[in-house]
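Reviewing the structure listed below.
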Amino acid sequence: MTDRVQAKKDLQFCCDELSKYQNLSRAGLRHSELVAIDNIMIRLKEQIKNLHFTLEN
């Protein structure tokens with residue numbers, strides 16, 4: 001039960017973080033910064049997918 005509650009909290013956190021990065025203005029950022037942001041968003045999307053899978057089972 002505790003694991004399920006923690007997974008829901010983690011899912012909400014990841015979704016909130018992803019939303020922040022998606023709404024971030026990219027104007028004036030260097031290429032390396034854009035790549036870093038994209039990598040963070042990819043990692044968050046993978047974590048969200050894994051948490052959804054965990055909560056389904």
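The values are calculated or read from the model by the stated rules, or taken from the named source; none is laboratory data. Note that the structure is a prediction, hence the values are computed from the model and not measured. Virtual Cβ from ideal backbone geometry, glycine too; neighbours counted across all protein chains shown. Areas reflect the complete protein model, heavy atoms only, side chains present, ligands, DNA and RNA absent. Shrake-Rupley method; radii C 1.70, N 1.55, O 1.52, S 1.80 Å.
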Query raised in the report: Just wondering, is there one or more residues in the range 36-43 that are part of a helix (DSSP H, G or I), small (Gly, Ala, Ser) and over 16 Å from the mean Cα position of the chain (by Cα)?
Result: no
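Name the single residue that is most open to solvent (accessible area, probe 1.4 Å) among those in the range 1-16 being in a helix (DSSP H, G or I) and aliphatic (A, V, I, L, M).
In the first step, residues of the range 1-16 are kept if they are in a helix (DSSP H, G or I); the result is 2-16.
Within this subset, residues satisfying the condition of being aliphatic (A, V, I, L, M) are 5, 7, 11.
Values: 5: 65, 7: 9, 11: 26 Å².
Ranking the candidates gives 5 first.
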Query raised in the report: Regarding residue 32, is this residue of a type in the set (Gly, Ala, Ser) and part of a helix (DSSP H, G or I)?
Result: yes
Query raised in the report: Quick one: would you say residue 19 is open to solvent by less than 90 Å² (accessible area, probe 1.4 Å), out of contact with any Leu (no Cβ under 9 Å at 6 or more places or on another chain), of a type in the set (S, T, N, Q) and part of a helix (DSSP H, G or I)?
Result: yes
Query raised in the report: Restricting attention to the range 22-57, which residues are modelled with pLDDT under 95 and small (Gly, Ala, Ser)?
Result: 25, 27, 28
Query raised in the report: Name the pairs: first residue in the range 26-51 and closer than 15 Å to residue 15 by Cα and open to solvent by less than 50 Å² (accessible area, probe 1.4 Å), second residue assigned to a helix (DSSP H, G or I) and small (Gly, Ala, Ser), Cβ to Cβ under 8 Å, at least 6 apart or on different chains?
Result: 51/7
